[in-house]
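For reference, the structure discussed in these notes is given below.
The values are calculated or read from the model by the stated rules, or taken from the named source; none is laboratory data. The model shown is predicted, which means the values in this text are computed figures rather than measured ones. Heads up, the Cβs are rebuilt from the backbone with ideal geometry, glycines too, and the neighbour counts pull from every protein chain shown. Accessible surface areas use protein heavy atoms only, side chains included; no ligands, DNA or RNA. Shrake-Rupley method; radii C 1.70, N 1.55, O 1.52, S 1.80 Å.
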Amino acid sequence: MRKPFVAGNWKMNTDSRSSVELAKAVVAGSTGMAREKVHVAVIPPFVYLPVVVKAVSSSGVAVGAQDVYFESKGAFTGEISPAMLKDVGCTYVLCGHSERRHVIHESDELVGKKVTAAISGGLLPILCVGELLEERDAGKTNDVIARHLRTGLAGLSADKMSAVTIAYEPVWAIGTGRTATPQQAQEAHAFIRNLLAEMYEAKLAQEIRIQYGGSVKADNAKELMAQEDVDGLLVGGASLKADEFVRIIQAAM
Ligand code: PEP
């Protein structure tokens, strides 16, 4: 039985005051749901991690980071290590979000190193995979997903794989208001689960949670979650409004 997992990626938004207000509103709105019925995480910008961790403490809401570097320390100006994230109270970390792949130009290999380092550092990575619109139009959706999965999980043993959540995020649906249809999401999620079964084993593939992300809103969350292989939601824009995010959490249960 896969427990639903809803995470809110705040991207480069909020400030020290509004991040705390938003985190507290999510905690208040998800009391009795978060942890018991659904796993909930908020993913603020790096600099607000400590205040957000404090704001959600003793609640069922976990905190994640939007990125991580694969080295543990040293001369890597501007980077943040897994141990640093752990030290400030992070549980999860996004690896290979499409904005990092396509705006910052992170390579597939770099994303794979981040996933491995995150797990070694005691974090739970959320590996984001998904195709561009031109790749979908060219019939390459499954090829892109397979490449992202194979490189993102390169060298990861089955026991470590159980720490990973996969987020299927078609790039054309992120921040565009154009959500994948529930059928498109289910097709991609089923492809991911089958490929995980091939790469590892069927039992493990059945246990891995696969989130959908891309213009999720309170009014489309339920039908996406109704799909057999959709186990959760990675929410961007709509996670910045506490009421809407809480309604999405309710829809995911
Ligand atoms: C995201 O940032 O992962 C995302 C899915 O964004 P949005 O919900 O705004 O499309």
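Greater than 26 Å separation of Cα atoms is the criterion. Which listed pairs, 86/203; 24/73; 160/222; 24/160; 24/222; 140/222, meet it? Over 26 Å apart, Cα to Cα: 86/203; 24/73; 160/222; 24/160; 140/222. Computed with the Debye formula from one identical point scatterer per Cα of the range 112-253, without solvent, the log10 of I(q)/I(0) at q = 0.12, 0.15, 0.19 Å⁻¹ comes to -0.47, -0.73, -1.13.
When N counts the residues of the range 94-153, how does its alpha-carbon radius of gyration compare numerically with 2.2 N^0.38 Å, as a ratio? Provide the component values of the computation, followed by the final result.
Numbers: Rg = 11.8 Å, N = 60, 2.2 N^0.38 = 10.4 Å.
This ratio for the range 94-153 stands at 1.13.
In the range 79-201, Cα pairs under 8 Å separated by at least six residues give a relative contact order of 26 percent. For the chain, the share of accessible area belonging to carbon and sulfur comes to 52 percent (1.4 Å probe, ligands and nucleic acids excluded).
Starting from the alpha-carbon convex hull of the range 186-253, give the projected area averaged over all orientations, in nm².
Numbers: hull surface 17.9 nm².
Over every viewing direction, the Cα hull of the range 186-253 projects on average to 4.5 nm².
Projected area of the chain, taken from the Cα convex hull and averaged over every viewing direction, in nm²? Before the final figure, lay out the partial values.
On the way: hull surface 48.9 nm².
The directionally averaged projection comes out at 12.2 nm².
Using only Cα atoms, what is the ratio of the radius of gyration of the range 39-141 to 2.2 N^0.38 Å?
Details: Rg = 14.8 Å, N = 103, 2.2 N^0.38 = 12.8 Å.
Rg over 2.2 N^0.38 Å, computed on Cα atoms: 1.15.
Peptides 70-78, 7-15, 114-122 ranked from most to least packed by the mean count of surrounding Cβ atoms within 10 Å: 114-122, 7-15, 70-78. The figure for residue 134 is an accessible area of roughly 120 square angstrom, using a 1.4 Å probe on the protein chains alone.
Relative contact order (percent) for the range 1-58, with alpha-carbon contacts under 8 angstrom and 6 or more residues of separation? Provide the component values of the computation, followed by the final result.
Details: 54 pairs, mean separation 31.8, N = 58.
With pairs under 8 Å counted, the relative contact order is 55 percent.
For the chain, relative contact order (Cα pairs under 8 Å, six or more residues apart, normalised by length) works out to 21 percent.
For the chain, what is the accessible area per residue in Å², given a 1.4 Å probe and the full set of protein chains?
Details: 11150 Å² over 253 residues.
Normalised by residue count, the accessible surface of the chain is 44 Å².
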